[in-house]
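Engineer: Input: one structure, supplied below.
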Amino acid sequence: MNVSLSEREKKILDILMEGNNPSVNEISDLLEVSKVTIRSDFTSLEEKGLIVRTRGGAFPAFHPDILESQKHAVEEKNRIAKAAADMIKDGDTIMINDGTTTALIPKYLLGKRDIHIVTNSTLVFTYARINPALHLTLVGGSFQPSSEAIVGPVSLVDLENFHVKYAFVGTSGFSLETGMTTDLVDGAEVIKKMNQQARKTILVADSTKYGMNGFVKILSLDHLDSIICDRGLPRETFEKIRESGTDIRLV
């Protein structure tokens, strides 16, 4: 989840992500603060869902790749997720794939009722489970820690059982020339299947993803019904995408 962190909390996460299982005493010495302060920070990080406490220490709740991504473009991702959530009305059916931007969408559905969400993302589950007005289906399959995603043949079969109004999808990179791309083959197949099962597919991605190319092509941009991006996207790029026939919004 994307949350506000103090500089010291960020340093603690960085230390924990190194994987050496440091104790409270060791982190206290490294950061030159009291053990009481470190324990207080541990409590804060645990409440935010970012660490799991152990006897005398802690470890990250998510894969380091996820934690690193969550630190990036936090404000932009939240604006994009809110704009996506604003599209959703009471009673809508939606799919959400894995990603640190897509995972924020349920956060902005408070106050809406009878929303049915089908997802392969355990991060989406983190936000959606606190809202009793959301009906959440987590597909089966193989767990992929680096993306907090459920993928594989079982996931694809499960997704075929649902037909939804919107699919909100993320990407590792996108451009007019290469379309949507990712480094994860199984993740690409999930997005393709969601695109097939939805009446409309919306890409939610921050502007730093534009021009980045992953290993696997997912979809051409003309397969998308809309793109929601932030205002960091160059105006010239925005105009080119719009002129190509793909709807795009900057928030």
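Engineer: Counting Lys and Arg as +1 and Asp and Glu as -1, each charge on the Cβ, what is the dipole of the chain about the Cα centre in debye, to the nearest 20?
Structural biologist: Its charge dipole is roughly 640 debye.
Engineer: Right, here's the next one. If contacts are Cα pairs under 8 angstrom and at least 6 residues apart, what is the relative contact order of the chain in percent?
Structural biologist: Here the relative contact order equals 15 percent.
Engineer: A further question on this structure: Which whole-number percent is the relative contact order of the range 46-187 (Cα, under 8 Å, 6+ apart)? Present the calculation step by step, with values, prior to reporting the outcome.
Structural biologist: Values: 231 pairs, mean separation 29.7, N = 142.
Taking the mean separation of contacting Cα pairs over the length of the range 46-187, I get 21 percent.
Engineer: Taking the Cβ of residue 84 as the centre, find all other residues whose Cβ is under 11 Å away and add up their charges (Lys, Arg: +1; Asp, Glu: -1).
Structural biologist: Around residue 84, the surrounding residues sum to +4.
Engineer: Which one of 105, 196, 16 is farthest out on the positive end of the charge dipole of the chain, using unit charges on Cβ (Lys, Arg +1; Asp, Glu -1) and the Cα centre as origin?
Structural biologist: 105
Engineer: Can I ask one more? Compute the Cα gyration tensor for the range 7-61, then decide on rounded, prolate or oblate, letting a ≥ b ≥ c be the square roots of its eigenvalues: rounded whenever a/c is under 1.5, prolate when a/b is larger than b/c in the other cases, and oblate in all that remain.
Structural biologist: Verdict is rounded for the range 7-61.
Engineer: A further question follows. Summing +1 for each Lys or Arg and -1 for each Asp or Glu, what net charge is found among the other residues whose Cβ lies under 12 Å from the Cβ of residue 131?
Structural biologist: Summing Lys/Arg as +1 and Asp/Glu as -1 gives +3.
Engineer: Are any of the pairs 112/192; 48/107; 48/77; 89/165; 193/217 more than 19 Å apart by Cα-Cα distance, and if so, which?
Structural biologist: 112/192
Engineer: If I fit a long axis through the Cα atoms of helix 74-86 and take the longest principal axis of the Cα atoms of the chain, what angle between them do I get, 0 to 90°, rounded to 10?
Structural biologist: Taking Cα atoms only, the helix is inclined about 40 degrees.
Engineer: Counting Lys and Arg as +1 and Asp and Glu as -1, what is the net charge of the other residues whose Cβ lies under 13 Å from the Cβ of residue 46?
Structural biologist: 0
Engineer: Just grab the label-to-label distance for residue 74 and residue 43, each label 7 Å out from Cα along the Cβ direction, in nm (one decimal).
Structural biologist: 2.1
Engineer: Continuing with the same structure: If R0 is 30 Å, what FRET efficiency do you get for residue 220 and residue 146 from their C-beta distance, rounded to 0.05?
Structural biologist: FRET efficiency, residue 220 to residue 146: 0.70.
Engineer: Taking R0 as 41 Å, what's the FRET efficiency between residue 113 and residue 21 from their Cβ-Cβ distance, rounded to 0.05?
Structural biologist: 0.40
Engineer: In whole Å, how far is the Cα centre of the range 128-142 from that of the range 222-244?
Structural biologist: Measuring centre to centre over Cα atoms gives 30 Å.
Engineer: Let me ask another. Per the helix-only calculation at 222 nm, which mean residue ellipticity applies to the chain, given -39500 (n - 2.57) for every DSSP H run of n ≥ 4 and division by its residues, nearest 500 deg cm²/dmol? Present the calculation step by step, with values, prior to reporting the outcome.
Structural biologist: Details: 9 runs with 88 residues, N = 251.
Result for the chain, helices only: -10000 deg cm²/dmol.
Read-outs throughout are calculated quantities, based only on the coordinates presented, and are distinct from any laboratory measurement. Keep in mind the model is a prediction, meaning the values are calculated, not measured. Here the Cβ is made from the backbone with ideal geometry for all residues, glycine too, and neighbour counts use every protein chain on show.
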